[in-house]
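Please read the structure below before turning to the comments.
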Amino acid sequence: MNERSLSTTTRATVPIHRRATLWDRLLEPVLGVNACFIYVFLYMPIVVLIAFSFSASPFSAVWGGFSIDWYIQLFQDSEIARALRNTLIVASFSMLFATIIGTMTALALSKFQFRGRNAFETTLNLPIVIPDIVQGISLLMFLVLVVHLALGLPTIIIAHTVFNISYVAVIVRARLHGFDRRLEEAAMDLGATEWQTFWKITFPLIWPGILSGALLAFTLSLDEFVVTFFVTGPGATTLPIQVYSMVKRGVTPEINALATLMLVASILLVTLSILLQRRRSS
Amino acid sequence: MDESSVELKNLSKQFGAHPVVRDVSLQIKRGEFFSLLGPSGCGKTTTLRLLAGFDNPSSGEIFINGSLANGAPPYARDVNLVFQSYALFPHMNVYQNVAFGLEMKKLSRSQIQPMLEEVLSLVRLTGLESRFPKQLSGGQQQRVALARALVTHPSVLLLDEPLGALDLKLRKEMQLELKKLQRKLNITFIYVTHDQEEALTMSDRIAVMDHGRVVQVGRPEEIYEQPATRFVADFIGETNFIEGKIVSCDPPWVKVDVQGIQMSALGIPPYEKSREVVIAIRPEKIWLQKEHSSSSENQFTGLIEELVYLGTDTRYLVRLSDELILTVRQQNLDHSAFRKGDRVYLGWPAPCAQVLHPETEA
Ligand SMILES: Nc1ncnc2c1ncn2[C@@H]1O[C@H](COP(=O)(O)OP(=O)(O)O)[C@@H](O)[C@H]1O
Ligand SMILES: [Mg+2]
């Protein structure tokens, strides 16, 4: 181990004298250009979108000087306000339910040994890879035909909770991996009940994981489209659905402004979630 | 007779098909320093966990202060455990760690304060109240774990190799401190260790465990002087094992023939004639002389094959016959020590040699 790290540092500091081939000389610029292209493809559209959200022109592909009129119009648009309200309701409730259920699931998985535990854990992670469209159709069928629910905000909340549980459970489980179960035993040994042990020991040590899972759940719910599209009902339009129906009528700078705001919100939430996940227990 | 502090009746625990604790029965007296001694993996920790209530026994009963504890949750047992890994709460400082048990008992801050000061000075941690566990040395962490378990005044303290992670010097110091502490507080200590020396120096009584079974219970000198099985004799200290056949039995003496040499040893009858047995004798119980002694009965001749000088004493390998070599330890009292190749007389007082029970191991 030590020797290896020593040799790498030597290699890094002492120039290697050998004849560079043509390929060697070309490699660096080629890779550089490639990286540039990737960035252009990935981020150019987004940069353009953000730029045009500040354009005064009513045509989304023409620059008409800087303005924040579209943002002002956005905030005055009652349809969008309603969609935003719906989205926040759905995101909040599905985050809450998914966090509670997902955390309890993760705790049970790490605490108890039971038959079929591995199978349970695998199937728990499955919704992460199940195609959204399959999830959408199956939830629609289940909620309407089996449970006989009317489509609307509650069905969207249920659907979002379902797929969010998996994400929360996976993140909390990762946090629990480094958690010493003997700490809980020590607490119970000193007179704490299970409930007290959870709030005094377990929760303070794993809350960054729980919060991180909650934030991710909230973010995923904010811009969920496919599943929502299947289980939405009259009066239950969320922002992504609203954007979709507006785009059908033509892309306006107002949509650019809305998309920019959603992008900013998502980046903030995900960054916070990742920071929390990295945070070590102090 | 006052009731015992802890009593185990035919306690067994298995994980799946793997038996870890097998039919353990023990009575531990109030205020006793009781050790569970055995090699790593023999089921000591599991026994403590059953006592603390973290695991449920597969069968058998646990009595704590005279009442049946089976099924009672850990927080309802008047027993505290000092974990092998200490298990200090990383998000709490020393004060909060130690106060935890008192807070769970719903004591007020003003009640907690004096108790905390007392216990922290007892374990010499005064002044470190606001440190977090990771800011403490191993020895300090150990003392926090001890204080945390002691502060609620449990009637029994369980200690799982509490000194195992400390260096030798600190361990010796802590052994004395723990022993003093136990005397002073008069709390029953159930102390788990795989270190025979630690068990011998600290305990009132020791239970030696092997493969989940208790093979012998007794005071340290009983365990050392009269090991019940070959395992015990081998695990605790150094022992010569001599295999032979019984010639005659005159309770409590047993005469054994070892390759034509007759020896007498202490044994508990019944022993039938010509049965194969093992005699155990400690190296330091054997005397060495240059001249024949007229008084001793258990006396043999031998040849010094090898010797190792150890400072206060010397270890000799003495050959009695083709297949019988004994280890002998002699204190270096004078300079007239023996040399390699010397012909010597050796022997031992008969009560020091012990006929072992046949091993009950399946
Ligand atoms: N929860 C468990 N599940 C399965 N096996 C266990 C468990 N706990 C302990 N064991 C096994 O029981 C045996 C005894 O363990 P332990 O009581 O920790 O021994 P000791 O403390 O004497 O070293 C070991 O072989 C260990 O692998
Ligand atoms: Mg152990």
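Which residue, B:85, B:293, B:155, has the most motion in a Gaussian network model of chain B that connects Cα atoms within less than 10 Å?
With Cα springs under 10 Å in chain B, the top fluctuation among B:85, B:293, B:155 is at B:293.
In the P(r) worked out for chain A, what percent of Cα pairs fall beyond 35 Å?
Result for the distance tail: 41 percent.
Determine the per residue accessible area of chain A with all protein chains present and a 1.4 angstrom probe, expressed in square angstrom.
That works out to 60 Å² for each residue.
In whole Hz, with x marking every Gly and Pro, tabulate ³J(HN,Hα) for the range B:275-283 from phi via Karplus 6.51 cos²θ - 1.76 cosθ + 1.60, θ = phi - 60°.
Along the range B:275-283, the couplings run 7, 7, 9, 10, 9, 10, 9, 6, x Hz.
Report the A-B buried area as the accessible area lost on both sides summed, probe 1.4 Å, in Å² to the nearest 100.
Approximately 1900 Å², summed over both chains.
Once you have the Cα-Cα distance between residue B:268 and residue B:167, take 0.36 nm times their residue separation minus that, and quote the gain in nm to one decimal.
Going from the current span to full extension adds 32.2 nm.
Treating cross-link reach as a plain straight distance, find the lysines whose alpha-carbon is under 22 Å from the alpha-carbon of residue B:106, omitting any fewer than eight places away in the same chain.
A:200
How do A:177, B:194 stack up against each other in accessible area, from largest to smallest, with a 1.4 angstrom probe?
From most accessible down to least: A:177, B:194.
When Rg is the radius of gyration of the Cα atoms in the range B:240-360 and Rh is its Kirkwood radius, what does Rg/Rh come to?
Over the Cα atoms of the range B:240-360, Rg/Rh equals 0.99.
Using each residue's phi in the range B:97-103, evaluate 6.51 cos²θ - 1.76 cosθ + 1.60 at θ = phi - 60° and report the 3J(HN,Hα) Karplus result to the nearest Hz, with x for Gly and Pro.
4, 6, 6, 3, x, 6, 5
I'd like the FRET efficiency for residue B:179 and residue B:134, computed as 1/(1 + (r/R0)^6) with the beta carbon distance as r and R0 of 35 Å, rounded to 0.05.
0.75
For the range B:240-360, which whole percent of the accessible surface, found with a 1.4 angstrom probe, sits on carbon and sulfur atoms?
50
Within chain A, which DSSP H helices have Cα atoms that stretch 15 Å or more along the helix axis and a mean Kyte-Doolittle hydropathy of at least 0.5?
Those that clear 15 Å and a mean of 0.5 are A:22-53, A:78-111, A:153-177, A:203-222, A:253-278.
Starting from the alpha-carbon convex hull of the range B:188-239, give the projected area averaged over all orientations, in nm².
Dividing the Cα hull surface by four gives the mean projection, 3.4 nm².
Cα centroid distance between the range B:243-271 and the range A:59-138, in Å?
So the two Cα centres are separated by 83 Å.
Going by accessible area, probe 1.4 Å, with all protein chains left in place, what is the ranking of A:276, A:84, B:68, B:176, largest first?
B:176, B:68, A:84, A:276
What are the residues of the range A:162-200 that lose 40 Å² or more of accessible area, with a 1.4 Å probe, going from their chain alone to all protein chains?
A:182, A:183, A:185, A:186, A:188, A:189, A:190, A:196, A:200
How about the range A:249-282: which of its residues lose at least 30 Å² of accessible area in the presence of all protein chains relative to their chain isolated, using a 1.4 Å probe?
Buried by 30 Å² or more upon assembly, which counts only protein chains, are A:282.
Counting only heavy atoms of protein chains, what accessible area per residue, in Å², does the range B:16-140 have with a probe of 1.4 Å?
Value for the range B:16-140: 43 Å² per residue.
Summarise the accessible area of the range A:77-281 (1.4 Å probe, protein heavy atoms) by the percent that is carbon and sulfur.
71
If you take the charge dipole of the range B:90-196 about its Cα centre, with +1 on Lys and Arg Cβ and -1 on Asp and Glu Cβ, which of B:107, B:92, B:168 is farthest toward its positive end?
Looking along the dipole axis, the top candidate is B:107.
Which value, in debye to the nearest 20, gives the size of the charge dipole of the protein assembly as shown about its Cα centre, when Lys and Arg are +1 and Asp and Glu are -1 at the Cβ?
1460
Round to the nearest 0.05 the FRET efficiency obtained for residue A:34 and residue B:108 when R0 = 56 Å and r is the Cβ-Cβ distance.
For residue A:34 and residue B:108, the calculated efficiency is 0.25.
Report, in deg cm²/dmol and to the nearest 500, the calculated mean residue ellipticity at 222 nm for chain A, where each DSSP H run with n ≥ 4 adds -39500 (n - 2.57) and the sum is divided by the residue count.
-24000 deg cm²/dmol
State the dimensionless ratio Rg/Rh of the range A:88-207 (Rg: radius of gyration of Cα atoms; Rh: Kirkwood radius).
Reported Rg/Rh, Kirkwood definition of Rh: 1.06.
Computed on alpha carbon atoms, what radius of gyration and Dmax characterise chain B, expressed in Å?
Answer for chain B, Rg first and Dmax second: 24.7, 77 Å.
Considering only Cα-Cα distances, which of the following residue pairs are longer than 21 Å: B:105/B:179; B:255/B:340; B:44/B:105; B:9/B:29; B:9/B:105; B:134/B:172?
Those over the limit are B:105/B:179; B:255/B:340; B:44/B:105; B:9/B:105; B:134/B:172.
Quick one: how many Å² of residue A:82 are accessible to a 1.4 Å probe, rounded to 10?
The value for residue A:82 is about 120 Å².
For Cα pairs less than 8 Å apart in space and 6+ apart in sequence, what is the mean separation divided by the residue count of the range A:77-281, i.e. the relative contact order in percent?
35
Would you kindly compute the Cα radius of gyration of the protein assembly as shown and its largest Cα-Cα separation (Dmax), both in Å?
37.5, 125
Given H placed 1.01 Å from N in the peptide plane, which residues other than close sequence neighbours of residue A:152 have an amide H under 5 Å from its amide H?
The list, which skips near neighbours in sequence, is A:233.
The values are calculated or read from the model by the stated rules, or taken from the named source; none is laboratory data. Just so it is clear, the structure is predicted and the values come from calculations on it, not from any experiment. Note that we place each Cβ from the backbone using ideal geometry, even for glycine, and neighbour counts take in every protein chain shown. When the accessible area is computed, the model is the full protein with side chains, heavy atoms only, and any ligands, DNA or RNA have been set aside. Shrake-Rupley method; radii C 1.70, N 1.55, O 1.52, S 1.80 Å.
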